[in-house]
1. State yes or no: is B:Arg130 within 11 Å of chain A (Cβ to nearest Cβ) and not small (Gly, Ala, Ser)?
2. For residues that are open to solvent by less than 20 Å² (accessible area, probe 1.4 Å), at pLDDT 60 or above and more than 7 Å from chain A (Cβ to nearest Cβ), tally how many sit in segment B:1-53.
3. Mind listing whichever residues of segment A:136-153 are open to solvent by less than 70 Å² (accessible area, probe 1.4 Å) and either acidic (Asp, Glu) or modelled with pLDDT under 85 (or both)?
4. If you scan segment A:215-255, which residues turn out to be modelled with pLDDT of 80 or more, touching a Phe, Trp or Tyr at 6+ places or on another chain (Cβ under 8 Å) and crowded, with 23+ Cβ neighbours inside 10 Å?
5. Regarding segment A:262-276, can at least one residue be identified that is open to solvent by 30 Å² or more (accessible area, probe 1.4 Å) and modelled with pLDDT of 85 or more?
6. Which residues, taken from segment A:376-385, are at pLDDT below 80 and surrounded by fewer than 24 Cβ atoms within 10 Å (Cβ to Cβ)?
7. Are any residues in segment B:154-167 in contact with a helix residue (DSSP H, G or I) (Cβ under 6 Å, 6 or more places away or on another chain) and either open to solvent by 60 Å² or more (accessible area, probe 1.4 Å) or not polar (S, T, N, Q) (or both), and if so, which ones?
8. So, A:Leu389, is that one buried (at least 23 other Cβ atoms within 10 Å of the Cβ) and either modelled with pLDDT of 80 or more or within 11 Å of another protein chain (Cβ to nearest Cβ) (or both) or not?
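The values are calculated or read from the model by the stated rules, or taken from the named source; none is laboratory data. It should be emphasised that the depicted structure is a prediction, and the values quoted were computed from it without experimental measurement. Cβ atoms come from the backbone with ideal geometry, glycine included; neighbour counts cover every protein chain shown. Just the protein is used for accessible areas: all its heavy atoms, side chains included, with ligands, DNA and RNA removed. Shrake-Rupley method; radii C 1.70, N 1.55, O 1.52, S 1.80 Å.
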Amino acid sequence: MSRTEERLRDALHAKAGTVRDDRLRPLAGPHSGRGWERRGWERRGWLAPLAAAVAVTLVAVLAIALTGSQGSGTSSGPVDPSRQVGAHEPPFFTEFDAGQLQVRSTATGKLTGYAPLSSALRKQQFWGITAAPDGRTFYAVWAPWQRTAALVRPSVYSFQVTASGMVTPLRLVARGPASGASPAGALDMAVSPDGSELALAAHTTHAYWSDTDTIIVFDLRTGVYHLWDGGLRRWIGTEGLNIWDLSWSGPGMLDFVTSWCANYEWLYCGAGTAQVRTLDVGSGGGSLRASTVLVDLGRFPDMVGAVADQQGHLAIMQATGKNSRGDMAPLVTIDQVDAASGTVLRVLYQHKFPLNPNLFGPMLGDPSGQYLMIWAPTGVSGWLRDGTLHRLPANPPYPRAYGFAW
Amino acid sequence: MGMGHSPVPAAELATAATSALFRDHHGELVRLALLMVGDLPTAEDVVQDVYASMHARWARLAVPDSALPYVRAAVLNACRSALRRRGMMRRADMLHRASADQRPLASAEHEVIMSEERRQVLAALSRLPRRRREVLVLRYYLGLSEAEIAEVLRISPGTVKSTAARGLAALARDLGEDT
């Protein structure tokens, strides 16, 4: 990079860095009550009846489409939670909205409570959250906003939902790397089966591309961390390594689903390049090259999500299909796959949605990997059981996938 | 498995899809607009207007596959409109003046961040033709590839490459640097 390019990049990022996300005016939408009518509809008032007519027409069309798309066998659209959450499904889930970390009941969607954030934490970037195996303890990560690919130090906090339903205050558990890597966000996190370690797949920034090429493992008792950084990067277009899912397959053994992105894609990338790799994290850090391939997932080119459980299975979510107009109307299929051979064992769920497949994902697993949740920014987020997607009842659309955990 | 299902109304889909996209990328879009129009209030207005406009049209757009590039393109279009409205397209020191206009409201932190050297670079950038400026911002701020920039600006990758090269060369000359 020439000096001109360096100076330009520095100046642009410095200028952009003067914008503080927490001080931006909230976007005014139709449900926000923050002046949408004044800024939008009133100024272009003739659009309102037109849009209303379009909306009514589309409601009818989509209702027909949904009814018509109802398949047989395992196919089922999202249902309202008329059935109780089973004894084994996680009792709570979290979402991060409007700067609040909210805990809600899986069964009713009702707000159980907030994990109160300090003013200092509100100014930091929320990276993600995950649940511990007890289903009541959660670990969340924040880091200071960075203006460049500089060094940052993510902090791990924990909170619990008590037996009486109270949400405890956040407690600082560990701080991550201040040097060596330059992570800029987490894409997946997982607590070990014994609850003693937290693994985090971190997103690293570079000048022109990004990789999720770092795994940090925190000892939740001592706060000590180990770093696995790089070693699997490949230069393919503008994107690089992506780690979709972290899961613990046993003491000190971490499995991760990874792929390499060929070009800019909105949510998913690396079709046909996915692998499940396993890493012995008891060795104290190093390169991701130390991991070994468990199974190649190239036979799932339309994979949009993967979750590993602790019984040697993978749940692989694929979205395929186009309608007659050429718009995407994806057939969403979740297969249970043998993690050793890649063989499809059974279909866990299948349904055709009138949505762009890019709007689906991620698929989340509970700490055991057995209970699955699908996130979509379209009001169809829900949990899966017996081939049925049970729509989460509260507060759709859930705005941020990385605020979800259960 | 034989359970009923709840059809998702189109309006809800439109609302949800648009809201999620904008919430996730609100900061990035405002920053992009800021680098084009120069001041934060206008940048926020631009993004808000695009949000409002796109929200109404989202269902008719059938949720484009490349939603984010589409939104970026819409923000850039809105920036051009804002600049035209303000008669600022021919103001050679647009970004510099905008920064200066913002100074009374800016924090001490802002002052430290925006050193004189950086102001010079942004002023030189503002003196470039619009397309060169857009290409350089998309390349060196958002880090987009030539193909991605071509998609946003609806020009060929070859044009992106030549425009970026010419823009950089002009910037280097303006800053008194050898290329």
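1. no
2. Result for segment B:1-53: 12.
3. Passing the criteria: A:Ala143, A:Pro144, A:Gln146, A:Thr148, A:Ala149, A:Ala150, A:Val152.
4. A:Ile215, A:Ile216, A:Val217, A:Phe218, A:Asp245, A:Leu246, A:Ser247, A:Leu254, A:Asp255
5. No, segment A:262-276 contains no residue that is open to solvent by 30 Å² or more (accessible area, probe 1.4 Å) and modelled with pLDDT of 85 or more.
6. A:Gly379
7. B:Pro157, B:Val160, B:Lys161, B:Ala164, B:Gly167
8. yes
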